Structures are given as C-alpha cells and as structure tokens.
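J.: Mind looking over this structure? Questions follow.
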Amino acid sequence: MADERPVVVIGAGPAGLAAAAELVARDLPVLVLESGDTAGAAVSEWGHVRLFSMWRDLVGPAAEKLLSATGWRRPDDSGYPTGREWVEEYLAPLAEAVGDRVRFGTRVTGVSRLGRNRVVDAGRTEQPFTVRVHTREGEERLLARAVVDASGTWGTPNPVGGDGLPALGEAAAAERISYRVPDLGDERTRTRYAGRTTAVVGSGHSALTALVALASLAQEVPGTKALWVLRRGDVGDAFGGGAADQLAARGALGQRARAAVEAGDVEVVTGFRTAQVRSGDGGTVLVGEGGRELGPVDEVVALTGFRPDLSPLSEVRLDLDPTLEAPVRLAPLIDPNQHSCGTVYPHGAAELSHPEEGFFLAGMKSYGRAPTFLALTGYEQVRSIAAHLAGDHEGAARVELVLPETGVCGGAGLFDDPTASKADAGGCCGPTPEVAEEPAARQDGGGGLTVSELPLISSGAVPAGSSEAPETASGSGCCSGPAQRTESGEPARVS
Ligand SMILES: Cc1cc2nc3c(=O)[nH]c(=O)nc-3n(C[C@H](O)[C@H](O)[C@H](O)COP(=O)(O)OP(=O)(O)OC[C@H]3O[C@@H](n4cnc5c(N)ncnc54)[C@H](O)[C@@H]3O)c2cc1C
C-alpha cells in the first residue's frame, strides 16, 4: 500500500517552497509548515534590503514551472529585487500555487520517530516521523514519511560577544542593540540613527549594507557616524572582490562601503573582540578582550552572522560538523576557515543526508554557521533531495551548480590571524591576496583607523586550482564547474 503520509517541509521560505514545488513535480505528497503568517516570513523582515542576485538566480526551476502554469512570468532579470519584492512577486504567488499544502501560523517544535526516541534502533526506519507543531489552536502531532528542515537561521543571529557567547551586559543593553540591517526608510528607525554614532559589528554583506546605509544618512544628517568594528586584525578583503566579484551587485556593495570609509563617514576599528557591553545614560561602551574600550556610542548594530536552531531536532540522529553545525559532508565545502571564494562544490542529497534516513537540512539552515549561502544553492539542494525521495537516485546524484565567485579567497579564520594570511595556501583557490603590514591600531580608545591609513589591498580573481581543490572542470574563475557524482557522493570524473 502506497505511503500516503506527506513529506513535511519546515519553512515556507525560498528553499522550503522550492522543495515543495520539486516534490509536487514528482507527485509526492507534501505539507509545508510555516511559523509565520505569510510566505517568506523571514525575508519580509529584511524586506527593505536589496538583494545582490538577479531574478534569474532567485527563482527555483520547478517553482518556475509550477508558477508559469498559472500565467506567472519571471520579472525582468536585469533587476535586483528587494526582499519585499522577492516575497510579493515570487514567494507569495508560489505559496498560492502550492495551495493548501502550505500551513501558516504553524511552528514546528519537535521532530522524532513514532514511538522511538533517538536511542531506539528497533524498527526505527519503518516508523514514520512525528512532527510536533504549535498553532494558535494549540499543540498537534503530525506524521510524515520524510522531513526537509528548511527553517533557515534568521531567528538565531549570533551575539556581539567575540567568543560567540553573549558579551557580559549584552542582554541588559538589548534596547541599544539591533541584530538587523536598519531600515532607514522607516521614519522611526531613521530617527534612531540620524545624527548619532552607531557601532556596526561584523564583516559580512549585511554589515556592508548597514555601513552604506548609515553613510548615506551621514550625507543627509550632520553628526551621523558609523564605527565599523572588526574582530580580524586587518580589513583584508572585507570589502569583497569588487570588480572581480562575478555577482556585480555584491562587488559594488563592497566598493560603496570602501568609498564610505574613504569619505570618513565610517571609521574602521580592527582587532576588536567584544567581551563586555556597558550601557548607561551616557551611551553604550563596548569593551574588548584586553580591556580596550570603544565608545560611548548611541547604537550598536550586530551583524555577526547566524547559527542554526537545532533544539527541535534533539530526537533526530544528525551528523553535524563540530565547527559549523552543518552536515559533515557539506561542511568541508563551505568552511570559511578554509576558503570563502564563494564557489561551493556541487552537492545534493548525499551531502545533506544524516544517519536518520529520510531527514534533510536544506537551504540556509544546511550551512549551519557558515556564511555566503545563496538561494541558487538551496534550489539545487532541494531538487536533488526530491529526486532522492522519489527514488530517482541517478537524478539525485546529478548535481549541477555553478555559483558566481566572490573574487576573493581566504576565510574568517585566516583573517582573524594576520600572520596566517601570508602563509596560507589552503584555500581552494590558492593563496589569499597579499596585504601590506598595517600600522598598529591607535590605542586612544577614540576612533579607529581611517581608510587613508589602511594598506592598499590587491583584490581580483586569484589563480585557479590548488592542491586541495577537488578535480572539476574549471572556467576562468576560481573553483567550481558542473560535476557528476555517484549516489554515494564520490565525485565522478567529468569527461
Ligand atoms: C539580508 C540578506 C540578504 C541576502 N541576499 C541574498 C542575495 O542577494 N542572493 C542570494 O542568493 N541569497 C541572499 N541571502 C541568503 C539567502 O538566500 C536567504 O537568506 C534566503 O532567505 C534563505 O532561504 P531559506 O528558505 O533557506 O531560509 P529563510 O528565508 O530564513 O526561510 C525559513 C522559513 O522558515 C520559517 N521557520 C523558521 N523556524 C520555523 C519553525 N520552527 N517552524 C516553522 N517554520 C519556521 C521562517 O519563518 C521562514 O519563513 C540573503 C540573506 C539575508 C539575510
């Protein structure tokens, strides 16, 4: 008798809805559980941010087929949507096309096996999954044949603390700390930052976005200032690959942040690991390891990345990398300590599987604590997972993914230790760009280095291939190309 139970997909974000479209295309029963009241609930919270991917890289293949049948047409590729447009013009229509297979206002609080906790072997794989949910009506338990957790990491941002734990006093200073890119188009938010000094902590694209936004506010409102607080010992290539970035808008974002630093609207503070946050009437002071003080500032914007919430999965047998909390076979491909060229080896069901058969992490959550996840990656992941669940193992193994390279290599782990950056040849694309020695940071506790004191950085594409890069057909760029693989995950030689 055919198993009528659905594949449960957790999260109606880009990856979850793309998974649903892939499963529908394979005639598999699917049920999407979304805690928010709308599709793309997390994306909506950063709706004011313009993406650096074009529409063509933001629409899943099976999703496009499903939507086209309703008369939907993909927006013009030359455009870069905001998060809000991504939701309104794609995710919301897609959820509608998936129909009542999407349940909103339904938070998943636990996943397990029927009548078995994670310890019990006996008859485990014959038992369906149990999925515990919270709705406005109360608690419910659902049964599922398989589970794809695409619930993202938006809900669990990293703290300000340089050691990954909340800094002392961070909770008490919550009123002055935001973990989101400020929406300066919103009047109340604008008032919060206009004419005031804000410390932006973090070195990823969200931090660059916040710096550019605050710098343009500084052009309009005198007295507006941003301090860019970096753990790493030098700026290195935190501005990104610029013209060498194959995602032009991502490269341009870094260039705009660099211009803001050069214009003096942003001051850079390097080698600062926050240990304590002291907040009082006079403002907020960040205290670094070793007692270095920064501030008082008026506001703190912490954009130090995200981590996965694994608490609902305590009864699931996961195989996660101890560093990234990502599936062990995926982790080496995305480890920022190793490389961050932005290229990621094609991966699918094989890399995303766990000892718990039929359970997969997909989308942003599959990257655990690693940065640089792109929607394109999620779409290929869920295509492969759906093929696997439909028993099409050849289709599942045929993963193809070519990601736009960032134009820079090297990783957070590398740049946190300036001495390492010279020596490292470990990145998938060979040595990181040379950086000149920088003068010691000023100890006057006041402002950080202005860009005119920063060394010149040589960015741009680095030579292809290094001993550690997996064997792939490489284009002009750094690493990846289409690849075939057997179901057991071994790369098959590309002829
Ligand atoms: C500011 C920003 C800009 C970005 N720009 C780009 C870009 O330009 N290009 C690009 O390719 N990528 C970009 N990304 C990365 C990535 O593509 C997005 O984060 C994307 O939204 C990830 O999709 P997802 O479906 O994996 O996760 P999410 O979009 O986070 O969706 C997860 C969904 O699960 C729901 N959920 C969470 N917990 C539960 C639960 N327990 N039960 C039920 N539902 C739950 C959430 O409400 C949410 O709707 C950006 C990310 C950010 C934060």
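The values are calculated or read from the model by the stated rules, or taken from the named source; none is laboratory data. All figures in this text were calculated on a predicted structure; none of them were measured in a lab. No Cβ is skipped: glycine too gets one built from the backbone with ideal geometry, and neighbour counts run over all protein chains shown.
J.: Considering only region 117-133, state which residues are assigned to a loop (DSSP other than H, G, I, E, B), touching a strand residue (DSSP E or B) at 6+ places or on another chain (Cβ under 6 Å) and either without any contact (Cβ under 8 Å) to a residue 60 or more places away in the chain or of a type in the set (D, E, K, R) (or both).
T.: Within region 117-133, R124, Q127 meet the criteria.
J.: Within region 86-103, which residues are in contact with an Asp or Glu (Cβ under 9 Å, 6 or more places away or on another chain) and among the β-branched types (V, I, T)?
T.: Matches in region 86-103: V102 only.
J.: Considering only region 186-239, state which residues are part of a strand (DSSP E or B) and among the hydroxyl-bearing types (S, T, Y).
T.: Result: T197, T198.
J.: Here is a follow-up. Kindly provide the set of residues from region 10-38 that are part of a loop (DSSP other than H, G, I, E, B) and closer than 18 Å to R136 by Cβ, ordered by number.
T.: Answer for region 10-38, where residues must be part of a loop (DSSP other than H, G, I, E, B) and closer than 18 Å to R136 by Cβ: A12, E34, S35, G36, D37, T38.
J.: A further question on this structure: Out of E45, E34, report the one residue that is touching a residue at least 24 places away in the same chain (Cβ under 8 Å), near the ligand (Cβ under 9 Å from one of its atoms), of a type in the set (D, E) and under 30 Å from E357 (Cβ atoms).
T.: Just one listed residue meets the conditions, E34.
J.: What's the total number of residues in region 60-93 that are hydrophobic (A, V, I, L, M, F, W, C), over 14 Å from G13 (Cβ atoms) and either within 18 Å of the chain's Cα centre (by Cα) or not in a helix (DSSP H, G or I) (or both)?
T.: Total satisfying the criteria: 2.
J.: Looking for something β-branched (V, I, T), out of contact with any Phe, Trp or Tyr (no Cβ under 8 Å at 6 or more places or on another chain) and assigned to a strand (DSSP E or B) - is there at least one such residue anywhere in region 134-146?
T.: Scanning region 134-146 turns up at least one residue that is β-branched (V, I, T), out of contact with any Phe, Trp or Tyr (no Cβ under 8 Å at 6 or more places or on another chain) and assigned to a strand (DSSP E or B).
Rundown of residues vs (1) assigned by TED's automatic domain parsing to the domain that holds T82; (2) free of Cβ contacts under 8 Å to residues at least 60 places away in the same chain; (3) within 22 Å of R50 (Cβ to Cβ), yes/no style:
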{"site": "A243", "(1), (2), (3)": "no, no, yes"}
{"site": "G254", "(1), (2), (3)": "no, yes, yes"}
{"site": "D265", "(1), (2), (3)": "no, yes, yes"}
{"site": "T270", "(1), (2), (3)": "no, no, no"}
